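Notes for the one structure printed next.
Coordinate-derived values only; no laboratory data. All of these numbers come straight from a predicted model, not from anything done at the bench. Here Cβ is always computed from backbone atoms with ideal geometry, including for glycine, and neighbour counts include all displayed protein chains.
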Amino acid sequence: MLQRFGQVAVLFALLLVEVALIPLAGAMIMLSFALGMVFFFPWQARLVRRAAEQHRRLLRAWTGVEIEAPYLPEPPPPVPMADGLYRVDRTLYKSPRMPAWNDRFKWLLTDPATWRDTLWLTLDPIVKIGLLPLFVLLPARGLRLYALTVRLLLGATSASRLAVQITHLRQVRNLAADSQAAEMRRIERDLHDGTQARLVAIGMTLGAVEQLIDDNPAAAKALLAKTRDASAETLTELRTVIRGIHPPVLAERGLADAVRALAMDSPLRVKVDVELPHRLEPPVEAAAYFAISELLANAARHSGAESVAIDISVNGAALRVTVSDDGMGGAVPAKGSGLTGIERRLAAFDGVLALHSPPGGPTTVTLDIPHVLPEQADQAKLPPRKAATIAVLYGTAWCPIFPQGLVTAVFKAFHIDERSWFLALYLPEPLQWPVIVANIALGTLMYIAAMRIRLVHNRSLVLGRVGGLGSC
């Protein structure tokens, strides 16, 4: 309880900062748009965003209510044209400083979250003072209710989430295009330096055989034998290139057998454990396969390892791959390394790579690719009865909390002679405050009940899945 009162005290200490910030922010907006001193506007936006983010962080830590940042993605850095100049509309700049400032100003100005932050800064002192009775009587409930009200103004919207997703997809698309281009360059290089050179040599040898076949049949036969060996080596190289594009065993038999084939070809002792409920989509299988292939190659070339353990399993709706070796460790995902290429390949599927490689070893690399199991990736859908109950609770809980609770408490505390439809004010004097507090508690409990129904349903579904996996 004392901890909760301390948190409430911190909120009201921040209220003093907000009261000082409101006129400052207003003055900076006036100077920016009334007097043309636009350089004040980014400062104002950053100050208000910092105060908003402080509230998000504190409320997330105190109440567990997640308040996503609603801001649109920042604009990318300016890109110079072919002549090295930077263009903004019809103006050219030698330095990227002004184009970057212009892009940032437009971003802040056109982002609805900038103005929502300003609205929150104006209304937040009123909300905190209005919730003061609840903060005093039930600080934990008051903090949670305050966090929910703050989320209305400072939380992410569907538009901001969509903008973030579009930016992320654009980055993923660029990474995928870069990876594909790099792969095509590698294949072209392998064909040019290996297979093409061998085919040219075979052609030249056959030309020599053609000249020698009449005058020196023995030499011609010897050259034909060399040509036969060279054609066999060329065929082997072509098969290697084909496996590098998409191994037939992966297409025909899936990730598990393809990784086992990799293990058989590796010079190291490789142990493979696979627990997959069914085959994954071909692009996901290919990404996981080539990542494992790269990690095996790194272990064989650079780590000094003697054995490698590969574990492929399911983590909820995600595919998890763990590759461990007993080498010297010290691996670093430096620019241009194989690990960087793996990260690029996984980024197309929102996958991540985690590396643990202390000096002296061992090295463990964990790959997670989320949402690749369709039947487990779906969100827990509520039954109609539970969904209707949650809708009713959320739709009616505001009534006892605000008009019949907080507003009535303000009328009662300040002796405002207006009863209107505030039911508690029609009761005898000794019963009015208990009924007001009971109304606030009732509405808060309704919100908590709605959230608890969802949490309990999700928890039971997760436990059921875990139990199902454990019985397989």
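Over 17 Å, how big is the tail of the calculated P(r) for the stretch 191-295, in percent of all Cα pairs? That fraction is 64 percent. For Glu68, the shell of other residues with beta-carbons less than 9 Å away shows a net charge of +2, using +1 for Lys and Arg and -1 for Asp and Glu. Helix 112-130 and the long axis of the chain differ in direction by around 40°, with both axes built from C-alpha atoms. Rounded, prolate or oblate for the stretch 49-180? Axes are the square roots of the Cα gyration tensor eigenvalues, ordered a ≥ b ≥ c, and the cut-off for rounded is a/c under 1.5. In terms of gyration-tensor shape, prolate. With unit charges on the beta carbons (Lys and Arg positive, Asp and Glu negative) and the dipole taken about the Cα centre of the chain, which residue among Gly351, Pro125, Pro80 sits farthest to the positive side? Value: Pro125. Taking other C-beta atoms within 10 Å as the exposure proxy, His415, His55, His356 rank His415, His356, His55 from fewest upward. Determine the shape class of the stretch 288-359: with a ≥ b ≥ c the square roots of the Cα gyration tensor eigenvalues, call it rounded for a/c under 1.5, and otherwise prolate if a/b is greater than b/c, oblate otherwise. In terms of gyration-tensor shape, oblate.
Dividing the summed -39500 (n - 2.57) terms of all DSSP H runs of n ≥ 4 by the residue count of the chain sets its mean residue ellipticity at 222 nm at -21500 deg cm²/dmol.
Between 0 and 90 degrees, the angle of helix 217-245 with respect to the longest Cα principal axis of the chain falls at about 10 degrees.
Number of Lys-Lys pairs in the chain with C-alpha atoms under 30 Å apart and a separation of 8 or more places or on different chains: 4.
Placing unit charges on each Cβ (+1 for Lys and Arg, -1 for Asp and Glu) gives the chain a dipole about its Cα centre, and among Phe422, Thr234, Ser313 the Cα reaching farthest toward its positive end belongs to Phe422. In a reduced charge model with +1 at each Lys and Arg Cβ and -1 at each Asp and Glu Cβ, the chain shows a dipole moment near 1640 debye about its Cα centre.
Rounded to the nearest 10 degrees, the inclination of helix 197-212 to the longest alpha-carbon principal axis of the chain is 10 degrees.
What range in the chain is the longest one free of GluC sites (Glu not before Pro) that are in a loop by DSSP and have at most 12 other Cβ atoms within 10 angstrom? Here the longest run is 67-274.
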